[in-house]
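J.: Here's a structure for you.
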Amino acid sequence: MAKMTPRTLSGFMELLPAPQQQMERIMEILRRTYSLYGFTPLDTPVIESSEVLLAKAGGETEKQIYRFQKGDSDLSLRFDLTVPLAKYVALHYNELSFPFRRYQIGKVYRGERAQRGRFREFYQADIDIIGDGKLDITNEAEIPSIIYQTFSTLGLKRFQIRVNNRKILNGFYAMLGLTEKSADVMRTVDKLDKIGPEKVKTILVEDFAVSESDADEILKFIAIKGSNAEVLTALEGYTGRNEMFDQGLSELNTVVKYLADFGVPAENFAVDLTIARGLDYYTGTVYETTLLEHPEIGSVCSGGRYDNLAEFYTDKQLPGVGISIGLTRLFYVLGEQGMLNPELPTAPADVLILPMTEDLSPAIALATQLRQAGIRTQLHCEQKKFKAKMSYADKLSIPYVIFLGEDEINAGVVACKDMKSGEQTKLNTQETIDRIKAGLAELEKGSVIVE
């Protein structure tokens, strides 16, 4: 029979064991951090009814979605984690307590053109806070602190959370008489970093029939810069002309006011009027997070406030605020930039036990003791030469190797080699456990990401 050539499909990431350990470490930090803020884990099906996934999707999403028939069922792979969340909350409304705070780390699928750093199957890491009827603005102020805590714990320092409020933008466009075109204008303005002000103006004037004077006013408005206090002061000059604008500015002031209390340093946060987010369902605060040393990466964490999460499934008003990290892309970019810490352990085990006797009972008993002490332990029982066994430990970067022969068993000691330093000790089991644990604690020092 002819053999097939194994390959990974374009746009799908398949990691070797060591980088997979790095990815798992990042996901564990995200889970731990989100849990600190009272978010519950959630998992929704990868496959949903196409009717559910496409309820609010536009034509572009329909083109990208993986859709198929199974019997009489019209099914699709989820393309984000927000639409399944909307269905989940509507379905389980009577069983949930509000505000409902959930995090989800899961794979999503988009059949777009695969590019460097852009994948068709990728992990997203989302958090959302869903209210019942109302959702207090304080939740929008808390989100930047969660972003800050997450990225700081990962080891990033030079990043900035940029924040705006869609009500400010909608109110400003209403002042110019552009309410009907506000969504088109916002989507265009959101591209400012990529295409520059001249191109933005050209699109506004030529594609959306915005007058040159209004286009100039828009560019002048979004160009307001300075410290957070200076930007907010400048915005005060526009108050009193539109109710929505005034409400948006009040909300933005509240978000900025609570930042320090939530533990976000001023240098990691900026009010930025160019942030609009392209999706139409955002109604209030919007967020984008960028790495200051790598602006070419774009936003690594984005999201915002929306007022009706589940309008296609229920008449209940379910406002929310959430953010999403494109985890697979972020991991790929960090690896490309050499920012993943190579010093942190990536081995599948902390200890490799090499039995040196025919009777394996003492080695098995020792492995059991080590595992009960929380030490990840692998028993190597294959009939191979000693050199091959040591090479195995070396290739997997297992930090400790234990040799257990007749002499050690009779003396009640364990021969343990530190693979990094080469130091070898003969101590009793408990002393060996203590030594290994101390060594592992040292190895674990440091962050996943190094800048």
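J.: Does the stretch 308-317 contain any residue that is among the basic types (K, R), farther than 30 Å from N94 by Cα, open to solvent by 10 Å² or more (accessible area, probe 1.4 Å) and assigned to a loop (DSSP other than H, G, I, E, B)? Talk me through it step by step, then tell me what you get.
T.: Keep residues of the stretch 308-317 that are among the basic types (K, R), which gives 316.
Cutting the leftovers down to farther than 30 Å from N94 by Cα gives us none.
Scanning the stretch 308-317 turns up no residue that is among the basic types (K, R), farther than 30 Å from N94 by Cα, open to solvent by 10 Å² or more (accessible area, probe 1.4 Å) and assigned to a loop (DSSP other than H, G, I, E, B).
J.: Can you spot a residue in the stretch 168-177 that is in contact with a strand residue (DSSP E or B) (Cβ under 7 Å, 6 or more places away or on another chain) and small (G, A, S)?
T.: Filtering the stretch 168-177 for residues in contact with a strand residue (DSSP E or B) (Cβ under 7 Å, 6 or more places away or on another chain) gives none.
No, there is no match, as no residue in the stretch 168-177 is in contact with a strand residue (DSSP E or B) (Cβ under 7 Å, 6 or more places away or on another chain) and small (G, A, S).
J.: Quick check: is even one residue across the stretch 124-140 buried (at least 23 other Cβ atoms within 10 Å of the Cβ) and in a helix (DSSP H, G or I)?
T.: yes
J.: Another question about this same structure. Is it fair to say G338 is open to solvent by 30 Å² or more (accessible area, probe 1.4 Å) and either in a strand (DSSP E or B) or out of contact with any helix residue (DSSP H, G or I) (no Cβ under 9 Å at 6 or more places or on another chain) (or both)?
T.: Details: open to solvent by 30 Å² or more (accessible area, probe 1.4 Å): yes; either in a strand (DSSP E or B) or out of contact with any helix residue (DSSP H, G or I) (no Cβ under 9 Å at 6 or more places or on another chain) (or both): yes.
Judged against the criteria, G338 is a match.
J.: Considering only the stretch 40-55, I want to know if a residue exists there that is in contact (Cβ under 8 Å) with a residue 24 or more places away in the chain, open to solvent by less than 30 Å² (accessible area, probe 1.4 Å) and in contact with a Gly (Cβ under 8 Å, 6 or more places away or on another chain).
T.: yes
J.: More than 21 Å from G248 (Cβ to Cβ), open to solvent by 20 Å² or more (accessible area, probe 1.4 Å) and touching a strand residue (DSSP E or B) at 6+ places or on another chain (Cβ under 7 Å): which single residue out of S324, S302 fits that description?
T.: S324
J.: Kindly list, by first and then second residue, each pair from a residue in the stretch 313-336 that is closer than 16 Å to G11 by Cβ to a residue that is among the aromatic types (F, W, Y) and part of a strand (DSSP E or B), limited to pairs with Cβ atoms under 7 Å and residues at least 6 apart or on different chains.
T.: If the second residue must be among the aromatic types (F, W, Y) and part of a strand (DSSP E or B), the pairs left are G326/F122; L327/Y123; T328/F122; T328/Y123; R329/F122.
J.: Take the residues in the stretch 141-158 that are in a loop (DSSP other than H, G, I, E, B) and closer than 15 Å to E267 by Cβ, then tell me which one is least open to solvent (accessible area, probe 1.4 Å).
T.: Taking the stretch 141-158 as the starting set, the residues that turn out to be in a loop (DSSP other than H, G, I, E, B) are 155-158.
Going one step further and asking which of them are closer than 15 Å to E267 by Cβ, we end up with 156-158.
Details: L156: 4, K157: 144, R158: 118 Å².
Once the filter is applied, the top-ranked residue is L156.
The values are calculated or read from the model by the stated rules, or taken from the named source; none is laboratory data. Here the structure is a predicted model, which is why all the values come from computation and not from measurement. Cβ sites come from the backbone with ideal geometry, for glycine too, and all protein chains shown count toward neighbours. The area values use the complete protein model at the heavy-atom level, side chains included, leaving out ligands, DNA and RNA. Shrake-Rupley method; radii C 1.70, N 1.55, O 1.52, S 1.80 Å.
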